[in-house]
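**Q** First the structure, which I've put down as structure tokens, then a few questions once you've had a look.
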Ligand code: GAR
């Protein structure tokens, strides 16, 4: 069983999708701890209501990114987390964090990477005028949204969409894709392979 830690900064709907899949028996995992860098994140209260252990660790109370990441790592290790999901976690993690969970940190991003990395990918897609966008689940590396891709799914941009209309369509697909990708992780089907200068993820076939 996957022992998950989930890091959030806000609403936590992707976290809820993970908890729903676990409760429905469609994802073989357990959420050991939810951490938010923002005490008031709605997702933190929602997780606590569902009986999941939660912690608020403010980045503002740590002098450096590395010190903040070391505090996250200590809390996650203490409860036996072996995979970490960044589910709307709006902080960049440092090598301190990545070396503690090598190739075991997963991020959900609301665009078809490598298009529109970074902040507010939905607004970037609307501003650019693309007709199709989507979401990506990937392993986190030291770049911003540059890690090996596990799964992607497309979502159309409709005529007249603003940022929020597109985000509302995307989030439904994000929930589905994140659970699907974590299912691949739980089934041990991910393999990180070197491919030229970059690592990529190969999905092992079902036995
Ligand atoms: C989601 O759309 C997620 O893809 C995005 O934040 C939102 C969090 O929603 N993440 C990023 O933009 C990371 N760069 P949620 O709190 O309801 O899961």
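**Q** I'm checking my understanding of the structure. Among residues of the stretch 119-152 that are in a loop (DSSP other than H, G, I, E, B) and touching a strand residue (DSSP E or B) at 6+ places or on another chain (Cβ under 9 Å), which one is farthest from residue 69 (Cα to Cα)?
**A** The residue in question is 131.
**Q** Now for a separate question. Just to be sure I understand the filter: pairs with C-beta atoms under 9 Å, separated by 6 or more residues or on different chains, first member in the stretch 49-60 and part of a helix (DSSP H, G or I), second member surrounded by fewer than 17 Cβ atoms within 10 Å (Cβ to Cβ). Which pairs pass?
**A** 59/65; 59/91
Yes/no matrix, rows are residues, columns are (1) in contact with a strand residue (DSSP E or B) (Cβ under 9 Å, 6 or more places away or on another chain); (2) more than 11 Å from the ligand (Cβ to nearest atom):
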{"position": "2", "(1), (2)": "yes, yes"}
{"position": "14", "(1), (2)": "yes, no"}
{"position": "39", "(1), (2)": "yes, yes"}
{"position": "60", "(1), (2)": "no, yes"}
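**Q** Ok, one more. Within the stretch 90-97, identify whether any single residue is more than 20 Å from residue 64 (Cβ to Cβ), within 14 Å of the ligand (Cβ to nearest atom) and under 14 Å from the mean Cα position of the chain (by Cα), and answer yes or no.
**A** no
**Q** Output the residues belonging to the stretch 186-202 that are closer than 17 Å to residue 28 by Cβ and out of contact with any strand residue (DSSP E or B) (no Cβ under 6 Å at 6 or more places or on another chain).
**A** Passing the criteria: 187, 188.
**Q** Answer with yes or no whether residue 159 is away from the ligand (no atom under 16 Å from the Cβ) and in a loop (DSSP other than H, G, I, E, B).
**A** Judged against the criteria, residue 159 is a match.
A short reminder: the numbers here are calculations on the coordinates, not readings from a lab. Source: prediction; values computed, not measured. Using ideal geometry, Cβ is built from the backbone for each residue, glycine included, and neighbour counts are taken over all protein chains shown.
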